[in-house]
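*Asks:* Below you will find the structure I want to go over with you.
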Amino acid sequence: MKYIVIIGDGMGDFPLHELHDKTPLMVAQKPFMDMMARGGFCGKVTTVPEGFSPGSDVACMSIFGYNPSQHYTGRAPIEAHGMGITMDDGDVAFRCNLVYLENLSDRTLMGDYSGGHISTEEARILIQDINSVFGNREFTFYPGVSYRHIMIWHDGKTEVASTPPHDITNKDVSPYLPRGNGSEILIALMEKVHAFLKEHPANKKRETSGRSPANGIWLWGQGKRTVLPSFQSKFGLKGATVAAVDLVKGISRLIGFDTPYVEGATGYLDTDYKAKAYKAIELIENHDIVYIHIEAPDEASHNGSVKEKIKAIEHIDSDVVGVLFNKLGDKVRFLLTTDHATPIMMKTHYACPVPFVIFQKNRKQEGCSSGYHENSGEAVFTGEELIELFIRKQRQ
């Protein structure tokens, strides 16, 4: 038996007035997801344990079958591992967003958590220049994908409270700056980098062309090195992951999965959905289980776009779920889920049980007649219980 896990990041939502009190999942044209829900086992999964922030780091760790209460040390060290960064015991990793800070006369707003959705090529220049000017024995900056980067604070402090920038779009940043032991060092660094980036030629060029400049960094998601037992030792399966974002790659590499590069996978709305599906088909030949992560619905929610979120869900259905269903035989078992809800009205993540469906072509069940959406199924599982159900029950 082979196993495929499809994660539509942030697909869950709240009913919206403009959708006649339905959610994007309810109104999207998604025949393959609905077919699986009607002929499979539907339920809900609690991916965020009580006391944890509802980020994709915690939620995806759950969906890979690992209890965050036992293993989670922070978001940034997971991403650092995904980028191939080696951390020493005293190192503290920080997620380092390139952001657009809108400077008004009396305050500074978080204008765009993604630095105007800066390209990876532009971002690499900025991060490399930041490291050339501000990198030293204390701080090292590493370029990632688009606006997502990593800073390592060598022998740094972990007692710092931080806020994800996508939680404070268009808000005054002052109340959300780093807080706690060592925060004054980080704030001073952020201010110096902001002054540097405002005058950077790449940002001047962006402004001239009418685009938002990536004129600041935002440090958050800190933590020390993460260690996880391998998926093979825990579940007895050899795995691989198709993903664009370093966070999911990081979890995957920590548990011993292969994480190949996929041409056209961007981690944004413009990602190549079919390329991800075909890479998964290629990988399943030599692996027991393949995870496919698609970030697009989450990005649409952070942008507050109902239209883009529905479009992203429909692309996942036709270009990922549909391709896999049509190309793979009845010896493949599917798990379709989302990691967390990202309600458009909130533009950020929300912790609640999210829907899943387990489906296999030759094992029809009395599923959810209304299809796949937030109200599908009643039984609630933890992430670890869900993966146990998905894999081990099939073997009995």
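The values are calculated or read from the model by the stated rules, or taken from the named source; none is laboratory data. Being a predicted model, the structure only gives us computed values, none of them experimental. Note that each Cβ is placed from the backbone with ideal geometry, even for glycine, and that neighbours are counted across all protein chains shown.
*Asks:* Of everything in the stretch 307-329, what is among the small types (Gly, Ala, Ser) and within 20 Å of the chain's Cα centre (by Cα)? Give them in sequence order.
*Replies:* If the condition is that a residue be among the small types (Gly, Ala, Ser) and within 20 Å of the chain's Cα centre (by Cα), then Ala312 is the only one that fits.
*Asks:* Under the condition of being assigned to a loop (DSSP other than H, G, I, E, B) and basic (Lys, Arg), which residue from the stretch 352-396 is nearest to Val5 (Cα to Cα)?
*Replies:* Residue satisfying both the conditions and the ranking: Lys361.
*Asks:* Which one of Gly322, Gly329 is in contact (Cβ under 8 Å) with a residue 60 or more places away in the chain and under 23 Å from Asn362 (Cβ atoms)?
*Replies:* Answer to the selection: Gly322.
Each row is one residue, and each column tells you yes or no for (1) in contact with a strand residue (DSSP E or B) (Cβ under 8 Å, 6 or more places away or on another chain); (2) at pLDDT 95 or above.
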| site | (1), (2) |
| --- | --- |
| Lys157 | yes, no |
| Asp167 | no, no |
| Pro175 | no, yes |
| Ile187 | no, yes |
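*Asks:* Does Asp9 satisfy being in contact (Cβ under 8 Å) with a residue 24 or more places away in the chain, of a type outside the set (Lys, Arg) and closer than 20 Å to Asp167 by Cβ?
*Replies:* yes
*Asks:* Hey, another quick one. Would you please name the residue that is surrounded by the fewest Cβ atoms within 10 Å (Cβ to Cβ), looking only at residues in the stretch 56-95 that are hydroxyl-bearing (Ser, Thr, Tyr) and under 30 Å from Arg392 (Cα atoms)?
*Replies:* This residue is Ser69.
*Asks:* Quick test for you: out of Val27, Val99, Val48, pick the one residue that is in contact with a Phe, Trp or Tyr (Cβ under 7 Å, 6 or more places away or on another chain) and either of a type outside the set (Phe, Trp, Tyr) or within 27 Å of Lys364 (Cα to Cα) (or both).
*Replies:* Val99
*Asks:* Quick one: which of Gly367, Gly371 is surrounded by fewer than 24 Cβ atoms within 10 Å (Cβ to Cβ), out of contact with any Pro (no Cβ under 6 Å at 6 or more places or on another chain), at pLDDT 95 or above and of a type in the set (Gly, Ala, Ser)?
*Replies:* So the residue among Gly367, Gly371 that is surrounded by fewer than 24 Cβ atoms within 10 Å (Cβ to Cβ), out of contact with any Pro (no Cβ under 6 Å at 6 or more places or on another chain), at pLDDT 95 or above and of a type in the set (Gly, Ala, Ser) is Gly371.
*Asks:* Determine whether Ile187 is under 20 Å from Arg107 (Cβ atoms), in the same structural domain as Glu122 (by TED's automatic domain parsing), out of contact with any Leu (no Cβ under 7 Å at 6 or more places or on another chain) and aliphatic (A, V, I, L, M).
*Replies:* Judged against the criteria, Ile187 is not a match.
*Asks:* In the stretch 113-128, is there at least one residue being assigned by TED's automatic domain parsing to the domain that holds Pro260, of a type in the set (A, V, I, L, M, F, W, C) and not in a helix (DSSP H, G or I)?
*Replies:* no
*Asks:* Right, something else. Take the residues in the stretch 136-151 that are in contact with a Phe, Trp or Tyr (Cβ under 8 Å, 6 or more places away or on another chain) and crowded, with 17+ Cβ neighbours inside 10 Å; name whichever of them is nearest to Ala244 (Cα to Cα).
*Replies:* Once the filter is applied, the top-ranked residue is Ser146.
*Asks:* Restricting attention to the stretch 206-251, and to residues there that are outside any strand (DSSP E or B), of a type in the set (Val, Ile, Thr) and touching a Ser or Thr at 6+ places or on another chain (Cβ under 9 Å), which single residue is surrounded by the most Cβ atoms within 10 Å (Cβ to Cβ)?
*Replies:* The residue in question is Val248.
*Asks:* Let me ask you something else. Among strands (runs of 3 or more DSSP E) lying entirely in the stretch 1-106, which contain 2 or more residues that are under 18 Å from Phe356 (Cα atoms) and either in contact with a strand residue (DSSP E or B) (Cβ under 7 Å, 6 or more places away or on another chain) or of a type in the set (S, T, N, Q) (or both)?
*Replies:* Passing ranges, in order: 2-8, 41-46.
*Asks:* Right, something else. Report yes if Glu191 is modelled with pLDDT of 95 or more, within 27 Å of the chain's Cα centre (by Cα), of a type in the set (D, E, K, R) and not in a loop (DSSP other than H, G, I, E, B), otherwise no.
*Replies:* In short, no.
*Asks:* So, in the stretch 275-321, of the ones that are touching a His at 6+ places or on another chain (Cβ under 9 Å) and part of a helix (DSSP H, G or I), which residue ends up nearest to His17 (Cα to Cα)?
*Replies:* Ser301
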